[in-house]
Amino acid sequence: MQNKRVYVKSEAGRGWADTASNDPLEMAATIQPCCFPGFLQSWKITVEKYLQPFQLSPETLQEVSARLRKDLLRGLGKHSHHKAPVKMLPTFVRATPDGTEKGDFLALDLGGTNFRVLHVRVEEEAQKVLKMDSQICAIPQEMMLGTGEQLFDHIATCLGDFLESHNLKGQTLPLGFTFSFPCEQLEIDKSILIRWTKGFNCSGVEGKDVVQLLKEAIHRRGDYHIGSVAMVNDTVGTMMSCGYKDQSCEIGMIIGTGTNACYMEEIKNVKRIEGEDGRMCINTEWGGFGDDGCLDDILTEFDVEVDKTSINPGVHIFEKMISGMYLGEIVRLVLVKMTKDKLLFKGQISEALGTRGLFETKFISEIEDGLENAKKILTELGLDWSLVDASVVRLVCDTISSRSAYLCAAALATLVNRIRNNRKLGHLKTTVGVDGTVYRKHPTFSSKLQKAVRLLAPQCDITFLVSEDGSGKGAAMVTAVAQRPAHQSRLLEESDGEDNEEEEEEEGQ
Ligand code: BGC
């Protein structure tokens, strides 16, 4: 048997060791970041005090995964759903692509700082989803916090300009609308915004049907028409766009400005949906995990501060530990504290370091990518750094991005384990479609996540497929699949009462 390098912790200290063990927990020890390069050894004790709360042991990650497993059940329950922090929203997507889809579609993609309009062609013969044209429209900060009417008028204007400049105004094309916020979807074209996330907070939209708001804005202009509309979360778009290439893609995951995942669940387990047969894609909205306090024991003082100063305090706690909107700020707060304690930058906080939001998440990727980048960024932030400072900053970035990757791995492990149990399989082979800047751009995030999920879900063999233009092409794909004949599903009325969760408890977990 071949030896592997594992990271071990013992009373004597921590370090890498060679072992031939196949014990998942022992191997799982490798998912701890190896933090201290030789010349930083003397700093170890001082620095560890700040970083240790971010280092989650394999046992803790397994515990996080188990807690999420319970929350998935609460979200799926007919009675427990309305109090569940992980919303488990039915998407009315009942099938992944089967390769027969075709046609021309429009796609709108709203969810980050930019809004995009796309013209997409799905070609059956070539088994391809082609992006014919696309256009980006910036959404100014004021608009993200303005009225809903202003936002939807802006969207309708961007779409109108696009149709005009691409000679599409005379056609009535079906439209896939990727709207990447938690929505209670009543039908494929009826979707009520539960709440804004990721820095958006437009008035008059929460509680309303966003498809209706879009149609009204288009109607106010009156100069073009659109065909049938399919509403899509970006996770669903990502799963569907990868699903055209790989038909075993049954999970979509986003780790970008926000984080979330969707997966194919057995309809009989979705107690809020009428019917027993087949599967439906569930938008988990796992960003809300922890909103009931169940992750309080692993939150650091920095997470608490990030939440407190966000525009939506108390909600999307898991997202705030993981996603691009928040990681930079967590790092900044740690660096500020270390500097105040005279451990960094000769105790001098520059104006940029002292300002909320100015340490961008992309700096984390760049800093971890190389010491030279770290020096450059620290200089640009107006800091008087030493070589040790630059190395400690890299360590801080590594620790916080690693925690994010491991937490995502724990959550993804919950989903794949659930799918495996649902199907009563000893071993599951599946594909996850992934997108998001953190996953794509960070130098080691994807490999850490993949390694950790393998250890946390050893009976699952997962292929990760990075989605190209998932939100846009996937929305077209959902629209195409929605046109296939399928039996209708209906959301049941909510009521108070008890769900028989016992019944659903899975074996072997
Ligand atoms: C939203 C999700 C979305 C995710 C990734 C979260 O803030 O609630 O709906 O999928 O961000 O964009």
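The values are calculated or read from the model by the stated rules, or taken from the named source; none is laboratory data. Because the structure is a prediction, the values reported are computed rather than measured. Every residue, glycine as well, gets a Cβ built from its backbone with ideal geometry; the counts of neighbours run over all protein chains shown.
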Item to check | Residue check for D104: acidic (D, E) and either surrounded by fewer than 23 Cβ atoms within 10 Å (Cβ to Cβ) or more than 16 Å from the ligand (Cβ to nearest atom) (or both) | outcome: yes
Next on the checklist: Can you pull out every residue in the stretch 306-343 that is farther than 18 Å from C397 by Cβ, touching a residue at least 12 places away in the same chain (Cβ under 8 Å) and not aliphatic (A, V, I, L, M)?
Outcome noted: D307, T309, S310, N312, G314, H316, F318, E319
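Inside the stretch 407-429, can you point out the residues that are touching a helix residue (DSSP H, G or I) at 6+ places or on another chain (Cβ under 9 Å) and either aliphatic (A, V, I, L, M) or under 20 Å from K49 (Cα atoms) (or both)?
Within the stretch 407-429, L407, A409, A410, A411, L412, A413, L415, V416, L425, L428 qualify.
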Next on the checklist: Show me the strands (runs of 3 or more DSSP E) found entirely inside the stretch 40-139 where at least 3 residues are at pLDDT 90 or above and in contact with a Ser or Thr (Cβ under 9 Å, 6 or more places away or on another chain).
Outcome noted: 103-110, 114-123
Next on the checklist: Quick check on the stretch 277-292: of everything there that is more than 16 Å from the ligand (Cβ to nearest atom) and within 22 Å of D234 (Cα to Cα), which residue is nearest to the chain's Cα centre (by Cα)?
Outcome noted: M280
Item to check | Residue in the stretch 241-276 that is nearest to L68 (Cα to Cα), counting only those that are within 16 Å of the ligand (Cβ to nearest atom) and β-branched (V, I, T) | outcome: T259
Checklist entry - Which members of the stretch 159-172 meet the condition of being farther than 14 Å from H225 by Cα and surrounded by 13 or more Cβ atoms within 10 Å (Cβ to Cβ)? => result H166
Next on the checklist: Kindly evaluate P33 against the criterion of being modelled with pLDDT under 60 and in contact with a Pro (Cβ under 6 Å, 6 or more places away or on another chain).
Outcome noted: no
Checklist outcome for this item: Among (1) modelled with pLDDT of 95 or more; (2) within 16 Å of the ligand (Cβ to nearest atom), I311 falls short only on (1)
Item to check | Lone qualifier among P97, P90, P140 - being free of Cβ contacts under 8 Å to residues at least 12 places away in the same chain, within 25 Å of the chain's Cα centre (by Cα) and at negative phi | outcome: P140
Next on the checklist: Could you go through the stretch 269-285 and let me know if any residue there is within 15 Å of D435 (Cβ to Cβ) and either modelled with pLDDT of 95 or more or assigned to a helix (DSSP H, G or I) (or both).
Outcome noted: yes
Checklist entry - Listed residues L449, L425, L455, L412; which is aliphatic (A, V, I, L, M) and in a loop (DSSP other than H, G, I, E, B)? => result L425
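State all residues of the stretch 217-233 that are surrounded by 16 or more Cβ atoms within 10 Å (Cβ to Cβ) and assigned to a helix (DSSP H, G or I); if no residue qualifies, say none.
Matches in the stretch 217-233: A217, I218.
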Checklist entry - Taking M239 and the conditions (1) over 16 Å from I188 (Cα atoms); (2) surrounded by fewer than 23 Cβ atoms within 10 Å (Cβ to Cβ); (3) modelled with pLDDT under 95; (4) in contact with a strand residue (DSSP E or B) (Cβ under 9 Å, 6 or more places away or on another chain), which numbered condition does it fall short on, given that it satisfies the others? => result (2)
Next on the checklist: Looking at the structure I just gave you, is N201 more than 16 Å from the ligand (Cβ to nearest atom) and surrounded by fewer than 21 Cβ atoms within 10 Å (Cβ to Cβ)?
Outcome noted: no
Checklist entry - Checking V236 against (1) away from the ligand (no atom under 13 Å from the Cβ); (2) assigned to a helix (DSSP H, G or I), which single condition isn't satisfied? => result (1)
Item to check | Test result for L381, away from the ligand (no atom under 16 Å from the Cβ), more than 30 Å from K87 (Cα to Cα) and either surrounded by 15 or more Cβ atoms within 10 Å (Cβ to Cβ) or acidic (D, E) (or both) | outcome: yes
Item to check | Counted residues, the stretch 392-439 - those being within 15 Å of the chain's Cα centre (by Cα), of a type in the set (D, E, K, R) and more than 16 Å from G328 (Cβ to Cβ) | outcome: 1
Next on the checklist: Checking the conditions here, which among R418, R403 is out of contact with any strand residue (DSSP E or B) (no Cβ under 6 Å at 6 or more places or on another chain), of a type in the set (K, R), under 17 Å from G287 (Cβ atoms) and part of a helix (DSSP H, G or I)?
Outcome noted: R403
Checklist entry - Within the group D109, D71, which residue is within 16 Å of the ligand (Cβ to nearest atom) and either of a type in the set (K, R) or closer than 19 Å to L175 by Cβ (or both)? => result D109
Item to check | Tabulated pairs, the stretch 165-189, first under 22 Å from R121 (Cβ atoms) and part of a strand (DSSP E or B), second more than 13 Å from the ligand (Cβ to nearest atom) and acidic (D, E), C-beta under 9 angstrom, 6+ apart or interchain | outcome: F177/D189
